[in-house]
Amino acid sequence: MRQLFLLRHAKSSWDDNVPDDFDRPLNGRGRRNAQALSTHLAHGHVRPALVLCSAAKRTSETYDILEPALEGVPVAFESDLYEATKHDLMTRLRRLDDHLSSVLVIGHNPGLERLAAALCAGHGEKAPLAMLAEKYPTGTLAVLETDIEHWAALEDGCCRLAQFVRPADLG
């Protein structure tokens with residue numbers, strides 16, 4: 001079984017006068033939510049073999065807060081993940097090395113949400129599917145499982161949504 005963890009970056013700040021969206025930082029709520037998620041990860045809920053992280057400031061800051069819970073997991077910061085479409089993300093994931101059993105992608109909407117919805121196509125636990133259909137909030141982690149043998153075989157409907165962890169769920 002392979003696992004795909006799709007994390008939308010934590011809440012970013014719109015208050016700063018940052019001329020480029022790529023450089024928007026996290027806000028206070030985003031940092032608190034990322035810390036709660038880091039605690040969740042540290043309790044053994046997620047241990048990917050690789051982290052793919054958008055190179056944007058808010059995604060890299062999200063990763064920096066999660067890093068203690070992911071200590072030792074290799075990370076690649078990729079500028080192509082910024083503004084990546086569902087198709088772009090699928091193409092990138094299909095290029096993963098088959099020795100990897102799991103990957104955590106830290107990225108952005110709408111691409112991440114569209115990817116999760118397409119990969120699951122209604123397969124999975126009822127409550128998480130309903131939450132995914134409603135909204136994919138910042139700081140939310142979708143846990144997908146698939147029995148594909150090779151990452152190149154990743155396609156719409158091949159996964160099941162096992163968990164959908166929102167910041168509000170972490171108390």
Give the stretch 73-130 a look and list any residue that's in contact with a strand residue (DSSP E or B) (Cβ under 8 Å, 6 or more places away or on another chain), among the charged types (D, E, K, R) and open to solvent by 70 Å² or more (accessible area, probe 1.4 Å), or say none.
E125
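From the residues in the stretch 61-71 that are assigned to a helix (DSSP H, G or I) and among the acidic types (D, E), which one is farthest from S12 (Cα to Cα)?
Step one: filter the stretch 61-71 for residues assigned to a helix (DSSP H, G or I), giving 61-70.
If we keep only those that are among the acidic types (D, E) too, we end up with 61, 64, 67.
Values: E61: 10, D64: 14, E67: 18 Å.
Result: E67.
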Residue, most open to solvent (accessible area, probe 1.4 Å), within the stretch 15-60, restricted to residues that are charged (D, E, K, R), more than 24 Å from L93 (Cα to Cα) and outside any loop (DSSP other than H, G, I, E, B):
R32
Enumeration of residues in the stretch 61-72 that are in contact with a helix residue (DSSP H, G or I) (Cβ under 7 Å, 6 or more places away or on another chain) and open to solvent by less than 60 Å² (accessible area, probe 1.4 Å):
T62, I65, L66, A69, L70
Over the stretch 131-152, the set of residues open to solvent by 50 Å² or more (accessible area, probe 1.4 Å) and within 20 Å of R95 (Cβ to Cβ) is D147, E149, H150, A152
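Could you please give the count of residues in the stretch 148-171 that are part of a loop (DSSP other than H, G, I, E, B) and not acidic (D, E)?
The initial filter retains those residues of the stretch 148-171 that are part of a loop (DSSP other than H, G, I, E, B), namely 148-150, 154-158, 166, 171.
This time we only want the ones that are not acidic (D, E), so: 148, 150, 154, 157-158, 166, 171.
Qualifying residue count for the region: 7.
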Considering every residue within the stretch 40-52, establish whether at least one is in contact (Cβ under 8 Å) with a residue 24 or more places away in the chain, of a type in the set (K, R) and more than 20 Å from N109 (Cα to Cα).
yes
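Are any residues in the stretch 132-147 outside any loop (DSSP other than H, G, I, E, B), in contact with a strand residue (DSSP E or B) (Cβ under 8 Å, 6 or more places away or on another chain) and under 22 Å from R29 (Cβ atoms), and if so, which ones?
Initially, the stretch 132-147 is screened for residues outside any loop (DSSP other than H, G, I, E, B), giving 132-134, 141-146.
Then keep just the ones that are in contact with a strand residue (DSSP E or B) (Cβ under 8 Å, 6 or more places away or on another chain); that gives 132, 141-146.
L132, L141, A142 - these are the residues of the stretch 132-147 that are outside any loop (DSSP other than H, G, I, E, B), in contact with a strand residue (DSSP E or B) (Cβ under 8 Å, 6 or more places away or on another chain) and under 22 Å from R29 (Cβ atoms).
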Filter the stretch 1-14 for residues that are open to solvent by 20 Å² or more (accessible area, probe 1.4 Å) and in a loop (DSSP other than H, G, I, E, B); which is modelled with the lowest pLDDT?
W14
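The values are calculated or read from the model by the stated rules, or taken from the named source; none is laboratory data. In this text the structure is predicted, and so the values were computed from the model without any measurement. Positions of Cβ are generated from backbone atoms using ideal geometry, with glycine treated the same way; all protein chains shown enter the neighbour counts. Surface accessibility is based on the protein's heavy atoms, side chains included, excluding ligands, DNA and RNA. Shrake-Rupley method; radii C 1.70, N 1.55, O 1.52, S 1.80 Å.
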